[in-house]
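Working notes, beginning with the structure itself.
The values are calculated or read from the model by the stated rules, or taken from the named source; none is laboratory data. Note that this is a predicted model, so its numbers are computed, not measured. Heads up, the Cβs are rebuilt from the backbone with ideal geometry, glycines too, and the neighbour counts pull from every protein chain shown.
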Amino acid sequence: MNRQKDIPQAINPDKPLLSSFLHELNLSRRKLALYPTNHPQISTSTEKTLGLLNDLFHSKRTISLGITPRAILFEQQWLDKEDSANLEFARFFSSLGIASVSFHFGLQGQELIRFNQLLRSDRETIESFGGFERLLEDQQIEHVSVIPVDYAAFQSSKNLIAQQDQLWDMFLHGLQNGILDFGESDSADDISTVADLFNEKFSAGDRPAEDFSRSLDQYIEKRIQDHAGTQTVTETDRRFNSLLEQLTPEARNQIFSSIFRVLDRDHTHAPGLLKKLPSRLVHDAINSKTRQNLKISSRLFALATTLATGASSEFERKVASPSEQLSADMVRARLDVLFSEERQDLYMPSRYQAALDSMLSCDISGSIPEDVKLNLKEQLETQSTERNTLAILLDMLHQPIAADQENAIQQNLLELSRFFLDTGDFRSLKDIFQSWSRYLYGGQAHASIFDEKVLANHTQQSFMAEVIDAFELWEEDSHSDIIAYITTVGEPYSDLIIEQLGLAPTWQERRLLMQLLGGLGGDAQQKIIRALDDERWYLQRNLLTVLGKTLDPKNIKTIQQLCHHEHPQVRKEAVRILFICNPATANRQLLADLAGDDPLARLAAIDIADLSSDPKVLGLLHKTLEQDPGNDQELKILQATVRTLVRIGNQESLPIFRRVLKKSGLLVNRRIRQLQLEIIQGLGQFPGRRATQLLDELSTGKFKQKALIAREQRQ
């Protein structure tokens, strides 16, 4: 027997070498916590890591790895999920919020060392400096790139899995009752999630459960009953078709099997339902299959074939004959009539519908196909009248127009802006601002920047204040549109947002305003710099956080001065930023705060001490942990010290941890026990086998239950 045939064709020969590279990369990262960058151990480990990587570069110039919390994806294949090096790599990078990391040909030793140094930061610190992509650019690391995880799109993995299971159960329950249930929001994302779950259940060729097939049949039957005799494509039809479009061929065939099975029992309603389905998908469902394969009657097979073939040829005819569409000159002539000076009253806000009805009542000449004509009318009848009118107005701005037409358009854009703000349509507001700006600066406008009205209206204080207030007025689904609009307008919003930032009562509101402020262009940064003179320390701290994400070299001097600010939280943010561009100055201020007597300053410094690689910083942290907490403030400092030492991951911290954990007897009060529990919890994330061994020792003593939980976290 030829054993070569038993080898799966999909096996990638680079996978064992890649696992060795990941193992060595993990080692080199850990050694940076033990030795200075110029130590022989660091250079030896770096050379070995690069040697393995260069061997991989023989077959490809870029090595890209997809990251999940439990596995690594390479070349569309999962690396060995049982390999400890792969698992550690996946967990570590996933904890930093990285979805993909790529190593490019030409990576040098110093770049790799700087990259490993960045990996010592936690996710919060990384995000506070603008994310990994910004840090890589600042550290001049050109041959490593990352793609961060979009945490706005989902919650934690466990919550996501629970939500997916709940969404799938709701979907199945809805089918049994003849409805499409895609969750509370019923959004496109939820439809995509159901589609992904549907695809997953058919990815391995599994046969569907009998109750699932029965539920699908019940939904099709209920759909026929509810929509018998109607030709209009409903919102439910669109959502069902959207689901079909996102399914794999295997999963989609399962649904079409159910559709054909039900329609074969009710030929009367078969044409109506099949016409509502995407003709391309119907065509694919019956293409290359016989009637016997589909297990349907010859009558239904002929009907489906006719509809699919007819739709396909009609589509080809439209594509092949674009000249049959209504000419651009004819469309322009009708628009000129509509917007002529003597008929301006027709397109004032109160007469929009009348103007559109007038257009629709006219005979449309030419050879435009009947179905296209009907589709156009349906769009105009079902979509927002104001939105359709705006589309016409903005289309006119692409061509030269007379001064009187420009004035009329400008007046209508002003009134439409008011309407869209009142109704929460910020996408349309953004379209108005962008299109009018392009027209105004395009060189063909009759109005000048000094006497135009649209942009001036959008940047009025009262108008902008209403936009900011819209975050409370409208649901969160609209917030992304509001942010996009404000970012488009840009710098004029900076003063208002800074003022709101100083008054916002909750962290959620402040975070949103900081996000907005960081996305503004123009002179927004200079206004932030000027606002740093404000007496409110919390506003200064938040403004520093914004500056740190989009750091301009011109602002470094101002930030450096704030390293000596009287409030420790302001100093903390200033030092955090300087660790990127001026680590020596940042480290001196960090050491001063760690060794000082002010407990608030020490606590703030401890929170960012893992940004430093100075052994003196590590020594001060160890010295702090050797003291017993005399009050709740000191306990808080010691707990923060433990968390920082866990992030640093230096093996020299383990003996300190052990001494604290060994304390027992009458001298152990409530605060010491809380500190001991903090250490055990931290050991669940501490790197290295020695931490595992320490947990094994603790699993047989008084900390047995907590130690076992921490031990499970390490696995």
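Okay, here's what the table says:
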quantity	calculated
Residues within region 112-144 that are within 19 Å of LEU547 (Cα to Cα) and of a type in the set (A, V, I, L, M, F, W, C), tallied	5
Unmet requirement for PHE657, which otherwise passes all of (1) surrounded by 19 or more Cβ atoms within 10 Å (Cβ to Cβ); (2) in a loop (DSSP other than H, G, I, E, B)	(2)
Per-region count, region 117-135, residues more than 17 Å from the chain's Cα centre (by Cα) and closer than 21 Å to LEU73 by Cβ	1
Selection status of PRO36, loosely packed, with under 13 Cβ neighbours inside 10 Å, at pLDDT 80 or above and closer than 27 Å to SER121 by Cα	no
Options ASP431, ASP451, ASP469; residue that is more than 30 Å from GLN540 (Cβ to Cβ), among the acidic types (Asp, Glu) and either in a helix (DSSP H, G or I) or in contact with a strand residue (DSSP E or B) (Cβ under 9 Å, 6 or more places away or on another chain) (or both)	ASP431
Only one of GLU634, GLU626 that is closer than 30 Å to ASN116 by Cβ and either hydrophobic (A, V, I, L, M, F, W, C) or at pLDDT 85 or above (or both)	GLU626
Residues being closer than 17 Å to ILE679 by Cα and of a type outside the set (S, T, N, Q) - total across region 604-630	11
Hits in region 109-142 (condition: part of a loop (DSSP other than H, G, I, E, B), out of contact with any Leu (no Cβ under 8 Å at 6 or more places or on another chain) and of a type in the set (S, T, N, Q))	GLN140
Qualifying helices (runs of 4 or more DSSP H) (wholly inside region 534-641; at least 3 residues being within 26 Å of ASP495 (Cα to Cα))	537-549, 556-561, 568-581
Residue in region 212-224 that is at pLDDT 70 or above, more than 36 Å from the chain's Cα centre (by Cα), in a helix (DSSP H, G or I) and hydrophobic (A, V, I, L, M, F, W, C) present	yes
Residue check, ASP80 modelled with pLDDT under 80 and surrounded by fewer than 17 Cβ atoms within 10 Å (Cβ to Cβ)	yes
When residues of region 42-55 are limited to those that are crowded, with 19+ Cβ neighbours inside 10 Å and touching a residue at least 40 places away in the same chain (Cβ under 8 Å), the one farthest from LEU18 (Cα to Cα)	ILE42
Filter result (assigned to a helix (DSSP H, G or I) and free of Cβ contacts under 8 Å to residues at least 40 places away in the same chain) within region 504-517	TRP507, GLN508, GLU509, ARG510, ARG511, LEU513, MET514, GLN515, LEU516, LEU517
Index of the failed condition, GLY619 passing every other in (1) more than 17 Å from GLY688 (Cβ to Cβ); (2) in contact (Cβ under 8 Å) with a residue 12 or more places away in the chain; (3) not aromatic (Phe, Trp, Tyr)	(2)
Flag for PHE21 being at pLDDT 80 or above and over 18 Å from GLN110 (Cβ atoms)	yes
Every residue from region 488-527 that is charged (D, E, K, R) and either surrounded by 21 or more Cβ atoms within 10 Å (Cβ to Cβ) or within 24 Å of LYS554 (Cα to Cα) (or both)	GLU491, ASP495, GLU499, ASP523, LYS527
Residue list for region 698-712, filter: surrounded by fewer than 16 Cβ atoms within 10 Å (Cβ to Cβ) and closer than 27 Å to LEU34 by Cα	GLU712
Subset tally (residues that are touching a residue at least 40 places away in the same chain (Cβ under 8 Å), among the acidic types (Asp, Glu) and touching a helix residue (DSSP H, G or I) at 6+ places or on another chain (Cβ under 9 Å)) for region 444-503	3
Condition met for LEU520 (among the hydrophobic types (A, V, I, L, M, F, W, C), within 28 Å of GLY424 (Cβ to Cβ) and not in a helix (DSSP H, G or I))	yes
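Each row is one residue, and each column tells you yes or no for (1) in contact with a helix residue (DSSP H, G or I) (Cβ under 8 Å, 6 or more places away or on another chain); (2) surrounded by fewer than 14 Cβ atoms within 10 Å (Cβ to Cβ); (3) touching a residue at least 12 places away in the same chain (Cβ under 8 Å); (4) of a type in the set (A, V, I, L, M).
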site: ASP632; (1), (2), (3), (4): yes, yes, yes, no
site: LEU635; (1), (2), (3), (4): yes, no, yes, yes
site: ARG643; (1), (2), (3), (4): yes, no, yes, no
site: ASN650; (1), (2), (3), (4): yes, no, yes, no
site: LEU683; (1), (2), (3), (4): yes, no, yes, yes
site: ALA691; (1), (2), (3), (4): yes, no, yes, yes
site: ASP696; (1), (2), (3), (4): yes, yes, yes, no
site: ARG714; (1), (2), (3), (4): yes, no, yes, no
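To keep it simple, each residue is scored yes or no on (1) modelled with pLDDT of 75 or more; (2) touching a helix residue (DSSP H, G or I) at 6+ places or on another chain (Cβ under 6 Å); (3) within 18 Å of ASP371 (Cβ to Cβ).
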position	(1), (2), (3)
THR232	no, no, yes
ILE259	yes, yes, no
ASP264	no, yes, no
GLY272	no, no, yes
